[in-house]
Amino acid sequence: MATNLRQPAVDPPSNDKRWRIVQAAMRRNGFRRDALIETLHAVQESFGYLDEESLRYVARSLHAPLSHVYGVSTFYHFFSLKPAGEHTCVVCTGTACYIKGAPGLLDAVGKEFHIGDGETTEDGKLSMLTARCLGSCGLAPAAVFDGQVAGKVNREAIVERLRAWRNGPAGAQASPESSPEKEGSAVHA
Ligand code: FES
């Protein structure tokens, strides 16, 4: 059960700024072990899925046995231990992004690729997930394309990016100039 002890911070697996979102979730709950599900949600919403590295990090940070963390992450169907599709797009549906057009992004992807939240195209190329807040509300509506956060995404941009993925490696590399605005220095903790 909850230990309610404030634990010293553990270094995240990388310098990826999305770990700040995960750290914020843990901090908000005093690094208590009973915040495990919320923390795993933060990881999945930020990265699209839970890999071994992230599970180990969460386990260390919350001083929870790794087996327990694995148990929870495999018990609940909404956690995924690997990206289902070759490419993953996470659309933020937090309040700011919702107001700025996230529903339109989901609608555009649904119409073009026939997938909804948590679904993967039949060819296994594209998966779409939603997140409650990516921590980049100033760039709403925001999305994460294979780990790259993008802001001010519109319907055309998201469809173009996913089409490029679907058309193969050449397409996936194409047209950064037509991509949604990259977040880069605009990440907010
Ligand atoms: S609500 Fe979308 S980034 Fe915060």
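No lab work stands behind these numbers, since they all come straight from the coordinates. What you are looking at is a predicted structure, and each value in this text was computed from that prediction instead of being measured. Here Cβ is always computed from backbone atoms with ideal geometry, including for glycine, and neighbour counts include all displayed protein chains.
Just to confirm my numbers, what's the Cα centroid distance between region 14-33 and region 35-79 in Å? About 12 Å separates the Cα centre of region 14-33 from the one of region 35-79. Cβ-to-Cβ counts within 10 Å put 112, 45, 38 in ascending order as 38, 112, 45, the fewest first. Give the cross-link partners of residue 100 among the lysines, using a straight C-alpha distance below 29 Å as the criterion and excluding same-chain residues fewer than 8 apart. Residue 100 reaches 17, 111, 125, 152, 182. Peptide packing for 17-27, 141-151 was compared via the average number of neighbouring C-beta atoms within 10 Å per residue; ordered from the highest value, the list is 141-151, 17-27. For region 23-145, what is the percent of antiparallel DSSP beta bridges, rounded to the nearest 5? Once the DSSP bridges in region 23-145 are tallied, antiparallel ones form about 45 percent.
Close amide H pairs (under 5 Å, H built 1.01 Å from N) link residue 129 with 89, 90, 91, 118, residues at least 5 positions away or on another chain.
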